[in-house]
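Have a look at the structure below, then the notes.
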Amino acid sequence: MSEKIAIVVQRCHPDVVGGSESLAWQYACLLRDHYQVEVLTTTAIRAPGWQPDLPAGAMEREGVVVRHFANLPGHTDWWQDLHQQMLFAWRCMYDEPDLRIPNPQLHHWPLFDLPMQLQWLIQQGPYSADLQAFIKSHYQEYKKIIFVTYLYAPTWFGLMQLPPRTALLVPTLHDEPPAWMPIFRLAAQRAQTLLWNTQAEQSFGRLLWGAHPGQLVSMGIDLPVSPPVDHQRQRF
């Protein structure tokens, strides 16, 4: 029996079209020929509300086991208030926000401390205590766990269930206000290796999180092969 790989992502469904979700599924399809691949995800489909639209439980999709865990809805009224506080704190941390010049206190936000950042993350959604519990009790069954995208609760809280430096993190990082929160630097420090899509993303990650072991693993594009153009027949 082949070894098992787990991929953690915030949602997984054929109707979902998203960058990190597509990347997670691409990893699953690439790895399924050599490993037993399981996707660990929530019951949410629609962002940003993250309503639990799917039933909890396991299903098989194209040779990959997808485990859906119950989650709380996101983008609550509380989150909206926290988000405004976060944006205000972010603006206060930089002299020239448009230029992204870091303040010397980059890794300490006195106006939006760690407990507030945790609540922001939980209330953003999709938050799943069941998914966290599964990772904590079953992680030793997997050769490796891969977390895809830095921004959502399944990644942050999932990494906290594991011993430090045992999982892979695919940040799919963007230059956006939440990325600058110190809470995500903590997540990066928990990972064994960071997998970057581009050199620019890696450089930005080092600015925010410091130097961590990592490598570039770009997302492929599957295009049908076209026949060569017969220039002799081509008409203009």
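So is Pro115 closer than 23 Å to Leu207 by Cβ and open to solvent by 60 Å² or more (accessible area, probe 1.4 Å) or not? Give the steps one after another, and end with the answer.
Working: closer than 23 Å to Leu207 by Cβ: no; open to solvent by 60 Å² or more (accessible area, probe 1.4 Å): yes.
Here the answer is no, as Pro115 does not meet what is asked.
I need the full set of residues from the stretch 11-33 which are closer than 17 Å to Gly63 by Cβ and hydroxyl-bearing (Ser, Thr, Tyr), in order please.
From the stretch 11-33, those closer than 17 Å to Gly63 by Cβ are 12-14, 24-33; that's our starting set.
The one that is closer than 17 Å to Gly63 by Cβ and hydroxyl-bearing (Ser, Thr, Tyr): Tyr27.
Residue check: is Leu40 modelled with pLDDT of 95 or more, surrounded by fewer than 20 Cβ atoms within 10 Å (Cβ to Cβ), in contact with a strand residue (DSSP E or B) (Cβ under 6 Å, 6 or more places away or on another chain) and among the aliphatic types (A, V, I, L, M)?
Working: modelled with pLDDT of 95 or more: yes; surrounded by fewer than 20 Cβ atoms within 10 Å (Cβ to Cβ): no; in contact with a strand residue (DSSP E or B) (Cβ under 6 Å, 6 or more places away or on another chain): yes; among the aliphatic types (A, V, I, L, M): yes.
Here the answer is no, as Leu40 does not meet what is asked.
Do the conditions hold for Leu173, that is, is it in a loop (DSSP other than H, G, I, E, B), touching a residue at least 24 places away in the same chain (Cβ under 8 Å) and not β-branched (Val, Ile, Thr)?
Values: in a loop (DSSP other than H, G, I, E, B): yes; touching a residue at least 24 places away in the same chain (Cβ under 8 Å): yes; not β-branched (Val, Ile, Thr): yes.
So Leu173 passes the test.
Mind listing whichever residues of the stretch 197-236 are at pLDDT below 75, open to solvent by 70 Å² or more (accessible area, probe 1.4 Å) and among the small types (Gly, Ala, Ser)?
Ser218, Ser226
Every residue in the stretch 125-143 that is part of a loop (DSSP other than H, G, I, E, B) and either at positive phi or surrounded by 14 or more Cβ atoms within 10 Å (Cβ to Cβ) (or both), please. Working first, answer last.
In the first step, residues of the stretch 125-143 are kept if they are part of a loop (DSSP other than H, G, I, E, B); the result is 125-126, 128, 142-143.
Result: Gly125, Pro126, Ser128, Tyr142.
The values are calculated or read from the model by the stated rules, or taken from the named source; none is laboratory data. Because the structure is a prediction, the values reported are computed rather than measured. Every residue, glycine as well, gets a Cβ built from its backbone with ideal geometry; the counts of neighbours run over all protein chains shown. In case anyone asks, the SASA skips ligands and DNA or RNA and just uses the protein heavy atoms, side chains included. Shrake-Rupley method; radii C 1.70, N 1.55, O 1.52, S 1.80 Å.
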